[in-house]
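Peer 1: Sharing a structure with you now.
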Amino acid sequence: MRLIFDADHEQFRDAARRFFLNELAPHVERWREQGFVDRWAFEKAGSLGYLLTWADEKYGGAGMSDLRYEQILVEECVRQADIGIYFNLHSTVVAPYIAEIGDEAQRERFLPKAISGEHILAIAMTEPAAGSDLAGMRTKAVRAHDGEGDDWILNGSKIYISNGMQADVVVVAARTSSESKPESRHTIGLFIVEAGMAGFSRGKKLKKMGLPAQDTAELFFENVRVPAANVLGDPTRGFQHMARLLAKERLSLAMTSMAHAQTAFDLTLDFVKERQAFGRPIGAFQNSRFVLAQLRSELDAVQCFVDQCVLLANDRKLDADTGAKAKLLATDLEGRVIDACLQLHGGAGYMDEYRISRMYTDARVSRIFAGTNEIMKEIIGRGLGLDERAAR
Ligand SMILES: Cc1cc2nc3c(=O)[nH]c(=O)nc-3n(C[C@H](O)[C@H](O)[C@H](O)COP(=O)(O)OP(=O)(O)OC[C@H]3O[C@@H](n4cnc5c(N)ncnc54)[C@H](O)[C@@H]3O)c2cc1C
């Protein structure tokens, strides 16, 4: 009953489904155990045109500037070969920083290898003492001032960075003002750090309660010399760039959460039709029917909203408030759907061999990353003119 896809999209979906099912699904179990997805999966996806589908043909992209194609990839990846946020983080979260904020030379240098899957991308904003309060970051970039051009020297550390262990290219946010005035808190620059740069190192892969195939790492920068050619946009306006691009990142996460929730619902519907108790399928109990009827209705409603946001993003009309609403609604619903679906599985739902048990631990982070859901409410509330200053 979704109205946003046409025949071209459906054809693309069929091919993507076959790719995830035949090429990647057989490896998911091993990737969950080893804690990361093999690099060849990126290269394979790239060779089929499944990375940065929106990128211009002159960089090697498919030039399909229609977010519905990325949405289809997210949905089929979750359903057939659930490997976390690897591909969509790379394609719809990080690469747009280079495409939209970078200059032509940077696009020519970095996009082709991201499209082919030769390079894996990551973005590093969060620090041990600055997550929700990004303006409190301590990682600092200062101009080199040693007569060798406009290079910058980067010092600090980042934490919880997805794709952090494997990334070849990391977009790093760092403070660029040495002034202590409150307004200087938002003076932040964005720097492209490349694997192999002197002073750039990675900590251990972090152990997590879910998303085991997703590598998550701590990154360290000790006097890393970043050439001027690797500065993304105006080095004092990184905060504004992040605020703008985070709307799309949050929509991307909303798409993923809806795919998880829809998948959990479908496999639970099959389960309650099969599993018997008191001489009948457990789906025949009024409680099961009511729980699933409620969830089905909410899934349909939120999916409509997320689909509408995708069309808004296509028209470049997705604003920060709307992106925050999509993230809040979809991730909250994902949590509730998966919890209720696990309950309907009974003890089986607690067993690792049932997908729903893994979905439960995997889903918990959705309400936390890309800005917590409390911060989403702050953003939406501020849009209503209800910030603390308004209250006074
Ligand atoms: C698996 C995983 C992957 C991640 N990937 C990345 C990545 O690739 N790149 C990256 O930069 N970051 C990444 N993150 C970091 C993530 O975005 C942050 O963890 C998140 O923004 C929350 O920040 P924090 O952990 O510092 O929590 P805190 O900011 O310390 O928040 C703790 C609690 O306080 C609440 N809180 C804070 N401020 C307010 C407020 N003003 N009003 C009400 N409540 C408030 C929060 O909602 C939360 O409940 C990842 C995190 C995880 C767990």
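Peer 1: Would you list the membrane-span-like helices of the chain, meaning whole DSSP H runs whose alpha-carbon atoms span at least 30 Å along their axis and whose mean Kyte-Doolittle value is at least 0.0?
Peer 2: Length and hydropathy pass: 238-274, 286-314, 320-345.
Peer 1: What whole-number value in Å² describes the accessible area per residue of the range 240-391 for a 1.4 Å probe?
Peer 2: Heavy-atom SASA per residue in the range 240-391 reads 50 Å².
Peer 1: While we're on this one: Return the carbon/sulfur percentage of the accessible area of the range 7-119, one whole number, probe 1.4 Å, all protein chains in place.
Peer 2: With neighbouring chains kept in place, the figure for the range 7-119 is 48 percent.
Peer 1: Once fully extended, how much extra length lies between Ser178 and Ile4, figured as 0.36 nm per residue of separation less the alpha-carbon to alpha-carbon distance?
Peer 2: Difference between extended and current length: 57.8 nm.
Peer 1: Roll a 1.4 Å probe over the protein heavy atoms and report the accessible area of Lys317 in Å², nearest 10.
Peer 2: We get 130 Å² for Lys317.
Peer 1: Let me ask another. Quick one: pull the percent of accessible area on the range 240-391 belonging to carbon and sulfur, 1.4 Å probe, ligands and nucleic acids left out.
Peer 2: Exposed carbon and sulfur together represent 54 percent of the surface.
Peer 1: Here's something else I'd like to know. Quick one: with all protein chains in place, what share of the accessible area of the range 122-235 is carbon or sulfur, to the nearest percent (1.4 Å probe)?
Peer 2: For the range 122-235, the apolar C and S fraction of the accessible surface comes to 50 percent.
Peer 1: Restricting to lysines 8 or more places apart or on different chains, can you count the pairs in the range 41-195 with Cα atoms under 21 Å from each other?
Peer 2: Lysine pairs meeting both conditions in the range 41-195 amount to 5.
Peer 1: Separate question: Using Cα positions and a limit of under 17 Å, work out the aspartates and glutamates in reach of Lys327, with same-chain residues fewer than 8 apart set aside.
Peer 2: Glu70, Glu75, Glu249, Glu298, Asp300, Asp307, Asp319, Asp362, Glu374, Glu378
Peer 1: Within the chain, what's the longest stretch lacking GluC sites (Glu not before Pro) that sit in DSSP loops with no more than 16 other Cβ atoms inside 10 Å?
Peer 2: Segment 180-352 is the longest.
Peer 1: Using a 1.4 angstrom probe, figure out how much accessible area the range 1-109 has per residue, in square angstrom, rounded to the nearest whole.
Peer 2: Per residue, the range 1-109 has an accessible area of 43 Å².
Peer 1: Between Gln34 and Met351, what length comes free when the chain is fully extended (0.36 nm per residue of separation minus the Cα-Cα distance, one decimal in nm)?
Peer 2: Result: 112.1 nm gained on full extension.
Peer 1: Please calculate how many Å² of accessible area the range 112-156 carries per residue, with a 1.4 Å probe and no DNA, RNA or ligand atoms counted.
Peer 2: Value returned for the range 112-156: 45 Å² of accessible area per residue.
Peer 1: Would you mind checking the radius of gyration and Dmax of the chain based on alpha-carbon positions, in Å?
Peer 2: 21.6, 83
Peer 1: Most fluctuating residue of Ile282, Ile85, Ile192 in a GNM of the chain with Cα springs under 10 Å: which is it?
Peer 2: Most flexible of the set in this elastic network: Ile282.
Peer 1: Hey, another quick one. Only Cα pairs within less than 10 Å get springs; with that Gaussian network setup on the chain, which residue of Val231, Val94, Val291 has the largest fluctuation?
Peer 2: Val291
The values are calculated or read from the model by the stated rules, or taken from the named source; none is laboratory data. All of these numbers come straight from a predicted model, not from anything done at the bench. FYI the Cβ positions are ideal-geometry reconstructions off the backbone, even for glycines, and counts take in every protein chain you see. Side chains are part of the model used for accessible areas, which takes the heavy atoms of the whole protein and leaves out ligands, DNA and RNA. Shrake-Rupley method; radii C 1.70, N 1.55, O 1.52, S 1.80 Å.
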